[in-house]
Amino acid sequence: MNVKHFVEDKLLVIEITEDLDHHATEKIRRRADYEIQRFMPKRVIFDFNRVVFMDSAGVGLIIGRYKTACCYGGTLEMVNVSPKLKRIFEMAGLLKIIPIVDSYKEVV
Amino acid sequence: MSSIKNEMKLEFLSKSSNESFARIAVAAFASQLDPTIEEIADIKTAVSEAVTNSIIHGYSDTDGIVKVIARLTDDEIEIEISDTGIGIENIEEAKAPLFTTKSNLERSGMGFTIMENFMDNLKVESISGLGTKITMKKKIKSHERINSKYIEIK
Ligand SMILES: Nc1ncnc2c1ncn2[C@@H]1O[C@H](COP(=O)(O)OP(=O)(O)OP(=O)(O)O)[C@@H](O)[C@H]1O
Ligand SMILES: [Mg+2]
């Protein structure tokens, strides 16, 4: 997991670099919450560019971080979501509350 | 199911670090049927769901044995994943999308829905207090494709 913080834009980008299963999400959850609560960014973007594998644990991870950010009025978005991942997020009805954006650079 | 061409069995301790081991092992075994990348990805995800369920629900993070059996026929893989954990009281309820008994652990209740969607067939057998067995089947379609290509060339 890598974190990029754009202070002026109040934007935090969390790049996931590991397989998103139950085992991996335990650690990612703790680190992501720490970073989100530390910076309290207006926008949190999860970058899935490097995610090769994801199961339902990924859905739980994103919903959980959505709740973390919601606490102080922050929002969550996702970028670089492959069709494989999108299918799972869609099945869970997640895209209704957490949108997929084309690129975070564009929208900064 | 037509005659079994190959079979493998795995048994491992209910450690979360074995989740990736299990799905990679089954995927490697399945590769004998020459599946597409998508088919392999579907199998990996479904195995990961069932194995994770045994670890976090079946054994609730205590030590137990998770058993995985995979069988290949000419064009199909059958995967059995079982535990001797707490079992499921109401299978129909458990299979419903978004149903989870562990929302405190950030589970989304999508495991069975994913298994059902990614595989062709899902069977759940469980006895409360004794354990759970999941049986999943998937036709490997690339096999058909190769056969028909062969006929065309002939
Ligand atoms: N092997 C098992 N042993 C005991 N209970 C199980 C087992 N597998 C599933 N369950 C029960 O069925 C419910 C639904 O399982 P499912 O995989 O669909 O969702 P989940 O595991 O709760 O969440 P997710 O898979 O999205 O992380 C679980 O919450 C649990 O109560
Ligand atoms: Mg599950």
Problem - Förster radius 35 Å - calculated FRET efficiency between A:K86 and A:M40, Cβ distance, rounded to 0.05 - result: 0.80
Practice task
Could you tell me which chymotrypsin sites (Phe, Trp or Tyr not before Pro) in region A:57-98 are loop residues by DSSP with no more than 13 other beta carbons within 10 angstrom of their beta carbon?
Solution key: A:Y72
Fill in the blank from the handout: Amide H neighbours of A:L76 at under 5 Å, excluding residues fewer than 5 places away on the same chain, with H built from the backbone geometry, are A:V44
Completion exercise
Contour minus Cα-Cα span, A:N49 to A:I97, at 0.36 nm per residue, comes to 15.2 nm
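Express the Stokes-Einstein translational diffusion coefficient of chain B in µm² s⁻¹, to the nearest whole number, given a Kirkwood radius over alpha-carbon pairs, 4 °C and a viscosity of 1.567 mPa s. Intermediate results must be reported in sequence, preceding the final value.
Working: Rh = 16.0 Å.
Estimated diffusion coefficient is 81 µm²/s.
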Exercise for the section: State the dimensionless ratio Rg/Rh of the protein assembly as shown (Rg: radius of gyration of Cα atoms; Rh: Kirkwood radius). Expected result: 1.02
Exercise for the section: Sticking with the crude label model, points 7 Å out along Cα→Cβ, report the distance from A:T75 to B:E125 in nm, one decimal please. Expected result: 5.1 nm
Practice task
Let me know the whole percent of all Cα-Cα pairs from region A:68-107 that are separated by more than 11 Å.
Solution key: 67 percent
Practice task
Please name which of B:L130, B:S103, A:V3 has its Cα lying farthest along the dipole of the protein assembly as shown towards the positive end, using unit charges on Cβ (Lys, Arg +1; Asp, Glu -1) and the Cα centre as origin.
Solution key: A:V3
Practice task
Rounded to whole Hz and in sequence order, give me ³J(HN,Hα) for region B:118-129 from the Karplus expression 6.51 cos²θ - 1.76 cosθ + 1.60, θ = phi - 60°, writing x for Gly and Pro.
Solution key: 8, 10, 7, 8, 9, 10, 10, 10, 7, 10, 3, x
Fill in the blank from the handout: Sequence order, region A:86-101: Karplus ³J(HN,Hα) from phi using 6.51 cos²θ - 1.76 cosθ + 1.60, θ = phi - 60°, Hz rounded, Gly and Pro as x, gives 4, 4, 5, 4, 5, 3, 7, x, 6, 5, 5, 10, 10, x, 9, 10
Problem - Cα→Cβ-extended label distance, 7 Å offset, between A:T17 and B:L98, nm - result: 3.6 nm
Completion exercise
The answer for B:I140, listing residues at least 5 apart or on another chain whose modeled amide H is closer than 5 Å to its amide H, is B:E76, B:I77
Fill in the blank from the handout: HN-Hα couplings for region B:39-48 via Karplus (6.51, -1.76, 1.60; θ = phi - 60°), in whole Hz with x for Gly/Pro, come out as 4, 5, 4, 4, 4, 4, 5, 4, 5, 4
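We did not get these values from a lab; they are worked out from the coordinates using the rules stated. Treat the numbers as computed from the prediction; the structure is a model and nothing was measured. With ideal geometry, Cβ positions are generated from the backbone for all residues, glycine too; neighbour counts draw on all protein chains shown.
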